[in-house]
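Working notes, beginning with the structure itself.
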Amino acid sequence: MTATAPPEVVVEVLDAEPGALEVELQLGELEGDEWRVTARVHNRGESAVEGAVRLSVSIPSTAPFWLIPGAFYGENRPADNDRVFPRFESGATSLEQHAAMVSDEWHFRADRSATPAVFCWPDEGVNGVAIATTESGELGLQALGLRHRDGVATISITAPAREYPVTYYGSQEPRTAEVRSATFAAGSVTTLTATVHALTADRHDYAPVLRRLHSRSAPRSPLRPRSTVEQAASSAADGLLRWHYDPDPGVLLETAGFDRELKGADGRPVDRQAMHVGWVSGIPWATAMLQHASRTGRDDVRAAAVSVIDFVCDALSPSGTFWGVWYRASGWRQSWTPVPGGVHSRTLGEATHFLVRALDHHDAPHWRTAALSNLEAVMRRQRTDGNLGALHHAETGEVLSWRGSAGLAWVPAFVEAHERGWGDRFLDAALLAGEYYSQFVLDELLHGAPEDVDLAPTSEDGYVAIMAYMALHRVSSDARWLELARRAADWMLTFRYSYNVEFSPDSMLGVYGFGSRGADQASSSNQHLHSYGLICTQELFALSEATGDSHYAERAEETLACFRQLVPLADGDFNAYRGMITERYYQTACFQPKGMVHVLAHAWCAGVLLLGCEQSIARAGRSSA
């Protein structure tokens, strides 16, 4: 946008006696859409002063839309969401509301954000503003804030970091607000820096800002892969085979503890004796094993993958779809939902999509039958507006919920069924669904893909959308689908860390110099880094090829490099065994202290790493051919 006047930037001193500190604010000349801001804090007295400093920008607003990349999206949590985590609501100022994690003002430590910035659009169709900084400055860890009160929206940076009105640690019970102060020594001068960005009324205007900030931070944020792509693929395949595959009955068990002597409260190993059909286990990762076996000739990996897919395909639910989860103690059951009989649309769609792909590596008639059963069952339930439903009853086939955008996961399954020659009706269903779900992309608020966070916006919603719209573009060459894929990719990249957070040198991640650049925050609810973004590696490559914009391929390679930093190639590496891939890297204070790793290997983590490696290898092979 062309800004006619610079925004009013305010600098405040918090908690210190009035006049104890002097502040000097300098706003640089407009460069493109941004101003550089420098605040200097002088202690001209003879004694040290305790306090904090806040930079803020305010604009008139009646209904603000917020974005803190990776951490806060719009209201962030629907009022009736099953899972409790920070929610914005104008006028929410009471202690009771704060205890329920509802407030009209929030401040978060900067390492909760994939790019330390706050974006605000004050009203629909009105130009916005953003303020950006770094994780840490001269006063240490900094914080990002938002507030709406008395018709004014305010975005801010606070140094050192403060969290208000409560601190979120991953559970429904908030912790007390974190209040940090700094010591300003007598005669000292402390400098805070930030950039302020003018935005158009288009909420997608965050994309060029984040790309520019990434280009600045990436050179200062090295990644140190300790394995080649081929080595990582081999280790991941071994991990799936050794730690997750159980030939009786033919499943990929969801978790395996790093410590093989560790037992739970019931005296049993902590390994989870369960398998989802997709998502956190099941067919997608068995398909990655098939792709690996096709390249390497490993018959043991192929046999295990076939066994897993056979087991899932031999147990369809009465409604014609897959079940949600298999448990050793009770067999096939519903998804992780409190709704009786519910199976999750994204899990089913992802499982069916990768089952169709699996047929490229193993031609099994009953796999084709199972895929068609799922596709036909869900297609019959599709509404006339294209909605495919978010939650289905496993036995009756009734759609139990139509909310959210999880149904997008069926679009690439339908497209690839059409591409296999199974019928134009599947393409018709995909096109209709693509039209319906485009509103979520255009509104910059995809949500509902994972089973365990209800309707929260998550990085996984971005992966699902990219895969869906790239499939539609591939089959139709319609430029509109490509634009939706690009917008979905940009939105997904809001969750992708553009910098390396600072870890204590004594923490696990600090000892190994783990770089967070390229990792995704799971969601604004699950604030840890994960590797699920590797699932759309080939789609990001294809998006770069189709648009002529190398950025998306570079970000895909960045993620693959990030998650080759801690791949155990031998037993004992990184406190694990060969092929054990953790789900969580704790880059902020949520669930566990910053710098720790989750000491459970997950089937999906090995599977998605294997998939990303194989897709990267296949691309390199095509490029050299």
Within the set of pairs 6+ apart or on separate chains, which have a first residue in region 194-217 that is closer than 18 Å to Ala63 by Cα and not assigned by TED's automatic domain parsing to the domain that holds Gly74, a second that is aliphatic (A, V, I, L, M) and loosely packed, with under 15 Cβ neighbours inside 10 Å, and C-beta atoms under 7 Å apart?
none
Kindly evaluate Asp363 against the criterion of being in contact with a helix residue (DSSP H, G or I) (Cβ under 6 Å, 6 or more places away or on another chain), outside any helix (DSSP H, G or I) and assigned by TED's automatic domain parsing to the domain that holds Trp326.
no
If you check Tyr552, Tyr469, Tyr463, Tyr512, which single one turns out to be among the aromatic types (Phe, Trp, Tyr) and surrounded by fewer than 23 Cβ atoms within 10 Å (Cβ to Cβ)?
Tyr512
Matching residues in region 274-301 (touching a strand residue (DSSP E or B) at 6+ places or on another chain (Cβ under 7 Å) and either surrounded by fewer than 19 Cβ atoms within 10 Å (Cβ to Cβ) or in a strand (DSSP E or B) (or both)) number 3
Restricting attention to region 91-111, which residues are among the hydrophobic types (A, V, I, L, M, F, W, C) and over 22 Å from Leu67 (Cβ atoms)?
Leu95, Ala99, Ala100
Restricting attention to region 589-625, and to residues there that are out of contact with any His (no Cβ under 8 Å at 6 or more places or on another chain) and part of a loop (DSSP other than H, G, I, E, B), which single residue is modelled with the lowest pLDDT?
Ala625
Taking only region 68-112 into account, find how many residues are in contact with a Phe, Trp or Tyr (Cβ under 8 Å, 6 or more places away or on another chain), part of a loop (DSSP other than H, G, I, E, B) and not charged (D, E, K, R).
8
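Residues checked against (1) surrounded by fewer than 14 Cβ atoms within 10 Å (Cβ to Cβ); (2) outside the structural domain of Gly533 (by TED's automatic domain parsing); (3) in a loop (DSSP other than H, G, I, E, B):
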| position | (1), (2), (3) |
| --- | --- |
| Glu17 | yes, yes, yes |
| Arg44 | yes, yes, yes |
| Ser47 | yes, yes, yes |
| Glu50 | yes, yes, no |
| Val57 | no, yes, no |
| Ala63 | yes, yes, yes |
| Trp66 | no, yes, no |
Return the residues of region 310-335 that are hydrophobic (A, V, I, L, M, F, W, C), within 25 Å of Met289 (Cα to Cα) and in a loop (DSSP other than H, G, I, E, B); say none if nothing qualifies.
Ala315, Trp323
Filtering region 573-588 down to residues that are of a type in the set (Ser, Thr, Tyr) and not in a loop (DSSP other than H, G, I, E, B), which residue is farthest from Met289 (Cα to Cα)?
Tyr585
Please work out which one of (1) buried (at least 22 other Cβ atoms within 10 Å of the Cβ); (2) under 30 Å from Val511 (Cβ atoms); (3) not aliphatic (A, V, I, L, M) is the condition His148 fails and give its number.
(2)
What are the residues in region 221-261 that are surrounded by 17 or more Cβ atoms within 10 Å (Cβ to Cβ), assigned to a loop (DSSP other than H, G, I, E, B), on the phi < 0 side of the Ramachandran plot and of a type outside the set (A, V, I, L, M, F, W, C), if any?
Ser221, Pro225, Ser227, Glu254
Name the one entry in Asp271, Asp266 that is at pLDDT below 95, buried (at least 16 other Cβ atoms within 10 Å of the Cβ) and not in a helix (DSSP H, G or I).
Asp271
Test result for Glu460, closer than 22 Å to Pro86 by Cβ, touching a Pro at 6+ places or on another chain (Cβ under 6 Å), at pLDDT 95 or above and among the charged types (D, E, K, R):
yes
Out of region 527-557, which residues are in a helix (DSSP H, G or I) and touching a strand residue (DSSP E or B) at 6+ places or on another chain (Cβ under 8 Å)?
Tyr532, Gly533, Arg555
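The values are calculated or read from the model by the stated rules, or taken from the named source; none is laboratory data. Only a predicted model underlies this, so the values are computations on that prediction, with no experimental measurement involved. Because the Cβ atoms are built from the backbone with ideal geometry, glycine has one as well, and the counts that use them run over all protein chains shown.
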